[in-house]
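The structure appears right after this line, and notes come after that.
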Amino acid sequence: MKTLVKIITAGLLVSASAAAVNAASHSKSTLDLVKARGMVVCGVSGGLPGFSAPDDAGKMQGIDADVCRAVAAAVLGDSTKVEYRTLTAVERWAALTSSEVDLLSRNSTHTLTRDASLGVDFTYYNYIDGQGFMVKNALGVKSALELDGAKICVQAGTTTELNMADYFRSNGITFSPVGYETSTQTREGFEGGACDALTSDKSQLAALRSELKDPTSATILPETISKEPLGPVVRQGDDQWNKIVLWSIHALINGEELGLNSANVDEMKASTTVPGIKRFLGTEDAMGAHLGLEADWAYNIIKQVGNYGEIYERTVAPLGIARKGSVNDLWTRGGLLYSPPIR
Amino acid sequence: MLGVISQVLIAGALIGFLTWIYFNTVENLNQRGIPTGFGFLNQVAPFKVGFSPFLDFELGVSSYWRVFFIGVQNTIFVSILGIIAATILGFLVGIMRLSPNWIVSRTAMVYIEILRNIPLLLQILFWNFAVFLPSLPLPKASMTFLDTIFLNNRGLYIPKIIAENQTSGLIIIAFIVAAIIGTFFLRKWAKQRHDLTGKRFPVYITGFFGIIAAGFIGIVVTGFPLSLELPRLGRFNLAGGIEFPLPLFSLWFALTTYTSAFIAENVRGGIQSVAKGQTEASSALGLKRGHTLNLVVIPQAMRVIIPPTISQYLNLTKNSSLAVAVAFEELFAIWSGISLNQTGQALVIIAMTFLVYQILSIIISGGANYYNKRSQIVGR
């Protein structure tokens with residue numbers, strides 16, 4: 001009987017403490033947690049050159065990784081204070097909603113279902129993409145419409161998989177999916193001959209193609225079968241954190257519009273008379289205060305990470321995807337990147 | 001009395017705890033804006049499932065329920081294949097391990113030690129990416145047997161038997177089932193005769209040909225209503241017929257060889273547990289080595305072999321969830337992987353997956369325990 005009492009008491013204690021932990025994690029905002037930790041925990045793909053992949057020195061590089069850096073620069077004033085978690089497509093949502101990561105910057109497509117039913121909020125886009133197909137030259141395929149009866153390597157659990165099903169169904173084409181867990185595995189399967197074509201977002205195709213033993217042996221087909229607005233995602237219900245991530249991306253784009261880059265930002269900060277730039281850099285009207293950040297939040301982003309164009313040239317351009325006049329160029333140059341003013 | 005009260009209290013505390021977990025989880029999910037429930041199961045699955053040997057999948061029509069059942073079906077399919085092959089191979093290697101021939105027994109030892117000590121995931125990847133994919137030809141250069149069976153680096157293709165109408169198909173199946181039942185009676189009769197007269201009867205060969213003959217008679221009686229759909233080469237792959245995709249073989253081979261190494265050790269242990277006097281006595285009676293093994297040693301060894309082998313069967317079934325690495329569409333890959341990610345219904349999907357593995361494990365261990373009970377010494 002004594003043991004029994006002990007067991008029940010222990011059970012009650014565990015329940016109570018669990019409830020306490022629950023309450024605590026709800027009351028504390030992500031911003032406070034990040035500040036207390038001194039680190040932004042950022043979920044990335046980790047295996048996708050140009051977006052997020054470790055370089056020779058083991059440092060995470062890519063346009064997604066740089067978004068994490070920008071957020072760290074804005075919140076903590078130091079872009080190096082990022083801890084990367086590599087997540088598979090299947091793991092990512094649970095990792096975010098269970099607070100394992102503070103944000104996902106994992107080339108995730110914004111869709112209605114995800115936005116409304118996963119308990120997450122999409123912020124803004126750091127890369128606008130579209131889905132395509134890559135085939136081996138030896139097959140002599142010129143269009144995706146010729147792929148009747150083909151086996152197609154795809155990353156399981158992605159919008160890619162759904163777009164492919166829609167596209168082939170609407171065109172009356174039969175196909176057979178070969179679904180792998182990671183994008184690296186899809187490349188291995190494609191290279192090893194497990195499938196005839198590989199489908200993914202076109203930027204990913206370029207990255208995967210560059211990793212083939214012989215990149216010239218494969219071609220990316222001309223069709224773009226979907227819209228893939230990719231961007232960072234945060235947990236639903238923390239509006240302040242949502243806005244911080246959102247405006248960190250806006251700062252990258254606005255910075256480029258204002259002609260600021262990592263090389264000239266110090267000089268501009270000292271000498272500029274343009275009110276917009278002064279506001280951006282926090283020397284006049286501290287914008288950061290509205291977000292719960294320091295006045296120099298945007299300055300830190302540009303100084304330590306660079307503007308959107310700099311990031312693009314450093315990360316995505318080497319894959320062979322030119323920016324000029326593409327959807328990922330500024331709206332002033334015919335692209336789609338249009339960012340609300342910082343004022 | 002005190003015992004009863006404490007039992008009731010513990011049960012109550014347990015139920016209370018589980019209820020609390022349930023409500024806490026639902027509450028937390030709601031707070032995070034994640035609706036949960038079983039409603040999504042009736043929705044149309046927006047992605048395609050490639051391999052399904054028995055259930056049909058039609059893109060744009062089939063629901064998530066269907067995806068779930070295909071997952072369960074494929075898990076059971078590969079597990080049954082794996083259990084059968086691993087048992088046969090395991091017995092063979094286990095017996096080889098005890099062979100008086102030095103080379104044979106060492107070969108078996110090397111086999112066991114290598115396969116037991118390499119992680120299964122690595123072995124699955126090895127069979128898929130290092131053995132099958134590079135060594136098998138492309139679809140255009142498929143290996144073929146009489147242009148009816150094809151093998152290439154996408155899989156194995158066999159002709160599909162199509163019954164022109166359902167009734168004649170059912171009649172043929174009835175003939176075959178009757179022959180199978182007949183074989184059971186034949187076995188019973190042969191055993192009785194053996195007990196009475198000591199004469200043996202080749203039951204299995206007779207049964208095998210009997211079943212084939214029955215099927216053939218069924219076809220003749222119904223007037224040849226069957227046609228074969230042969231696989232034929234399209235632009236990329238073979239179409240038509242029945243396809244067994246390559247990942248199935250990679251998974252099957254890896255599960256089989258890996259598990260067979262453990263079963264071989266069980267078999268060795270079981271055989272060694274049989275007193276040496278039994279072998280010597282049967283040799284003294286003039287039984288051949290094969291008969292000694294089959295009639296004297298193995299029946300006694302089974303009592304030791306079965307219990308640990310049951311847990312290997314369970315392991316094999318659960319290990320099939322590693323299939324996602326080679327893109328085989330079993331339960332874990334298409335349900336806990338793809339469906340979970342497309343719907344976000346983690347709670348329901350993970351619970352259903354748990355339940356399936358749980359039920360499969362109970363069925364396997366139940367069946368094997370039944371056999372185990374029958375093979376134990378009847379104590380009085």
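Here the range A:240-280 is the region considered, the condition is being surrounded by fewer than 16 Cβ atoms within 10 Å (Cβ to Cβ) and in contact (Cβ under 8 Å) with a residue 60 or more places away in the chain, and the residue that is farthest from A:Ala73 (Cα to Cα) is A:Gly276.
Checking B:Glu27, B:Glu58 one by one, the residue that is under 29 Å from the mean Cα position of the chain (by Cα), open to solvent by 40 Å² or more (accessible area, probe 1.4 Å) and within 14 Å of another protein chain (Cβ to nearest Cβ) is B:Glu58 and no other. Only one of the numbered conditions (1) within 14 Å of chain A (Cβ to nearest Cβ); (2) surrounded by 14 or more Cβ atoms within 10 Å (Cβ to Cβ) is violated by B:Gln43, and that is (2).
Selection within the range A:47-79: residues that are in contact with a Phe, Trp or Tyr (Cβ under 7 Å, 6 or more places away or on another chain) and not hydrophobic (A, V, I, L, M, F, W, C). The member of this set that is farthest from A:Asn242 (Cα to Cα) is A:Gly62. Listed by first and then second residue, the pairs linking a residue in the range B:129-142 that is more than 9 Å from chain A (Cβ to nearest Cβ) to a residue that is open to solvent by less than 60 Å² (accessible area, probe 1.4 Å) and among the aromatic types (Phe, Trp, Tyr), with Cβ atoms under 6 Å apart and 6 or more places separating them unless they lie on different chains, are B:Ser142/B:Phe150.
Only one of these is under 27 Å from B:Val356 (Cα atoms) and surrounded by fewer than 20 Cβ atoms within 10 Å (Cβ to Cβ): B:Leu122, B:Leu146, B:Leu170. Name it.
Result of the check over B:Leu122, B:Leu146, B:Leu170: B:Leu122.
When A:Ala95, A:Ala89, A:Ala150 are screened for being facing chain B (nearest Cβ under 8 Å) and closer than 19 Å to A:Cys68 by Cα, only A:Ala89 passes. Scanning the range B:271-292 for residues that are surrounded by 18 or more Cβ atoms within 10 Å (Cβ to Cβ) and in contact (Cβ under 8 Å) with a residue 60 or more places away in the chain yields one hit, B:Ile271. Give the range A:227-239 a look and list any residue that's open to solvent by 20 Å² or more (accessible area, probe 1.4 Å), within 14 Å of chain B (Cβ to nearest Cβ) and not small (Gly, Ala, Ser), or say none. Hits for the range A:227-239 are A:Arg235, A:Gln236, A:Asp238, A:Asp239.
Of everything in the range A:296-336 that is more than 17 Å from the chain's Cα centre (by Cα) and among the basic types (Lys, Arg), the residue that is most open to solvent (accessible area, probe 1.4 Å) is A:Lys324. Set side by side, the residues B:Leu316, B:Leu322 differ, and just one is open to solvent by less than 30 Å² (accessible area, probe 1.4 Å), under 14 Å from B:Trp252 (Cα atoms) and either within 12 Å of another protein chain (Cβ to nearest Cβ) or at pLDDT 90 or above (or both), which is B:Leu316.
Among A:Ala89, A:Ala36, which is the only one that is open to solvent by 30 Å² or more (accessible area, probe 1.4 Å) and either part of a loop (DSSP other than H, G, I, E, B) or free of Cβ contacts under 8 Å to residues at least 40 places away in the same chain (or both)?
Just one listed residue meets the conditions, A:Ala36.
Within the range A:147-161, not a single residue is open to solvent by 20 Å² or more (accessible area, probe 1.4 Å), in contact with a His (Cβ under 8 Å, 6 or more places away or on another chain) and either closer than 28 Å to B:Pro35 by Cβ or not assigned by TED's automatic domain parsing to the domain that holds A:Ser99 (or both).
Annotation: B:Phe328 fulfils all but one of (1) of a type outside the set (Ser, Thr, Tyr); (2) part of a helix (DSSP H, G or I); (3) out of contact with any Phe, Trp or Tyr (no Cβ under 7 Å at 6 or more places or on another chain); (4) within 11 Å of another protein chain (Cβ to nearest Cβ); the unmet one is (2).
Taking the range B:293-310 as the range and being open to solvent by 30 Å² or more (accessible area, probe 1.4 Å) and either within 25 Å of B:Ser320 (Cβ to Cβ) or touching a strand residue (DSSP E or B) at 6+ places or on another chain (Cβ under 8 Å) (or both) as the test, the residues that pass are B:Pro307, B:Pro308. Between B:Gly344, B:Gly337, the distinction of being without any contact (Cβ under 8 Å) to a residue 40 or more places away in the chain, open to solvent by less than 70 Å² (accessible area, probe 1.4 Å) and not β-branched (Val, Ile, Thr) belongs to B:Gly337 only.
Residue-level check: of (1) at pLDDT 90 or above; (2) open to solvent by 10 Å² or more (accessible area, probe 1.4 Å); (3) facing chain B (nearest Cβ under 9 Å); (4) over 18 Å from the mean Cα position of the chain (by Cα), A:Thr224 misses just (3). If the condition is being within 14 Å of chain A (Cβ to nearest Cβ) and either hydrophobic (A, V, I, L, M, F, W, C) or open to solvent by 30 Å² or more (accessible area, probe 1.4 Å) (or both), then the range B:67-111 contributes B:Val67, B:Ile70. Restricting attention to the range A:104-121, the residues that are open to solvent by 20 Å² or more (accessible area, probe 1.4 Å) and within 16 Å of the chain's Cα centre (by Cα) total 4. Restricting the range B:149-167 to residues that are open to solvent by less than 70 Å² (accessible area, probe 1.4 Å) and among the β-branched types (Val, Ile, Thr), the residue that is farthest from B:Leu233 (Cα to Cα) is B:Ile162.
Can you tell me which residues in the range B:224-242 are open to solvent by less than 20 Å² (accessible area, probe 1.4 Å) and either among the charged types (D, E, K, R) or assigned to a strand (DSSP E or B) (or both)? Matches in the range B:224-242: B:Leu238 only.
Every residue, every condition in (1) hydrophobic (A, V, I, L, M, F, W, C); (2) over 24 Å from B:Phe47 (Cα atoms); (3) touching a strand residue (DSSP E or B) at 6+ places or on another chain (Cβ under 9 Å); (4) buried (at least 24 other Cβ atoms within 10 Å of the Cβ), yes or no:
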residue	(1), (2), (3), (4)
A:Ser183	no, no, yes, yes
A:Phe190	yes, no, yes, yes
A:Ser210	no, yes, no, no
A:Thr216	no, yes, no, no
A:Thr219	no, yes, yes, no
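Looking only at the range B:233-260, residues that are more than 14 Å from B:Asn152 (Cα to Cα) and touching a residue at least 40 places away in the same chain (Cβ under 8 Å) come to 12 in all.
Scanning the range A:104-151 for residues that are part of a helix (DSSP H, G or I) and not hydroxyl-bearing (Ser, Thr, Tyr) yields A:Leu112, A:Arg114, A:Asp115, A:Ala116, A:Asn137, A:Ala138, A:Leu139, A:Ala144, A:Leu145, A:Glu146.
Residue check: is A:Val178 touching a residue at least 12 places away in the same chain (Cβ under 8 Å), in a loop (DSSP other than H, G, I, E, B) and either over 25 Å from the mean Cα position of the chain (by Cα) or under 30 Å from B:Trp127 (Cα atoms) (or both)? Give the derivation first.
Working: touching a residue at least 12 places away in the same chain (Cβ under 8 Å): yes; in a loop (DSSP other than H, G, I, E, B): no; either over 25 Å from the mean Cα position of the chain (by Cα) or under 30 Å from B:Trp127 (Cα atoms) (or both): yes.
So A:Val178 does not fit the description; no.
The values are calculated or read from the model by the stated rules, or taken from the named source; none is laboratory data. Just so we're clear, the structure is a prediction, and the values are computed from it rather than from any experiment. Neighbour counts run over all protein chains shown; Cβ positions are idealised from the backbone, glycine included. Protein only, heavy atoms only, side chains kept; ligands, DNA and RNA dropped before computing areas. Shrake-Rupley method; radii C 1.70, N 1.55, O 1.52, S 1.80 Å.
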